[in-house]
1. Which ³J(HN,Hα) values in Hz, rounded to whole numbers, follow from the phi angles of region 106-113 under the Karplus curve 6.51 cos²θ - 1.76 cosθ + 1.60, where θ = phi - 60° and Gly and Pro get x?
2. Residues of the chain: accessible area per residue at 1.4 Å, in Å²?
3. Can you compute the FRET efficiency between residue 184 and residue 24 using 1/(1 + (r/R0)^6), with r the Cβ-Cβ distance and R0 = 35 Å? Round to the nearest 0.05.
4. Among 102, 117, 45, which residue has its Cα furthest toward the positive end of the charge dipole of the chain, with +1 on Lys/Arg Cβ and -1 on Asp/Glu Cβ?
5. What's the local net charge at residue 65, with K and R +1, D and E -1, over the other residues with C-beta under 12 Å away?
6. Shape verdict for region 9-112, please, from the Cα gyration tensor: rounded (a/c under 1.5), prolate (a/b greater than b/c) or oblate.
7. Compute, for region 23-84, the length of the dipole vector about the Cα centre, with Cβ point charges of +1 (Lys, Arg) and -1 (Asp, Glu) only. Units Debye, rounded to 20.
8. If you take every residue apart from residue 17 with its C-beta less than 13 Å away from the C-beta of residue 17, what net charge results, scoring Lys and Arg +1 and Asp and Glu -1?
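The values are calculated or read from the model by the stated rules, or taken from the named source; none is laboratory data. All figures in this text were calculated on a predicted structure; none of them were measured in a lab. Positions of Cβ are backbone-derived with ideal geometry, glycine not excepted, and every protein chain shown enters the neighbour counts. We work out accessible area using only protein heavy atoms, side chains counted, and drop any ligands, DNA or RNA first. Shrake-Rupley method; radii C 1.70, N 1.55, O 1.52, S 1.80 Å.
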Amino acid sequence: DATIDVTNTRFVANADVGVQATGAVGLTVDQSTFAEHDVGVLIAGTSTGSITNNAFEIHEVGVQAGAEASVEVRGNTIRGSAAAGINFADDSTGVVADNELTDAPEVAIQVIGAGTPEISGNTISTEGNVGISTLDDATPSISDNEIRDRLVGVQAGGTSEPAIVGNTVTTPGGVGISVLEESSAIVSGNEIGNRDIGIQVSGAASPSVVDN
């Protein structure tokens, strides 16, 4: 299989994508800078990889994983993502950990399709709509994240079944955790403070809510 190793490189204002790996590629992106693309890094197909310690600024999507890709996204700073800072779609999986996401007006981290990443230890701040969102049939684990200044801290919709455990959602107003549509999220051990609504359940949702 092909391999791509990107280190200490700057990618600026390419119209579509900064770095793209599709098919069956082994991708490593480390200590690089991405600015002003539609997507900073795109990994799809059956590719595997790591995206670590990079800076992303001003994209529609900072990091996009799709198809059956498996990727570690760790230690990045992601600022100014109009649609989503990090997006896992289709059957993609991996780890999303220890990233700092700011200035994402819509969603900071999103999992759609049947994505199954482990999302932990991330810091999400500055005003915007949703901190972490799951939709469709996604089944990620969402743990130990710190989420501030979002209208909704964590939102589970569709028929998704996320495990939302041990997160901290603070700052005045809005909703801490929202479970809607037909989601059957597990909501446990979260610290929610200074919100208008701590945990909101609507539609035909059937979450398990324990020890928050």
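1. Each residue's phi maps through the Karplus curve to give 9, 9, 7, 10, 10, 10, 10, x Hz.
2. Spelled out: the 1.4 Å probe surface of the chain, per residue, equals 40 Å².
3. Values: r = 34 Å, r/R0 = 0.97.
The formula returns an efficiency of 0.55 here.
4. 102
5. So the surrounding residues net to -4.
6. rounded
7. Dipole of region 23-84, to the nearest 20 debye: 140 debye.
8. Charge balance near residue 17 sits at -4.
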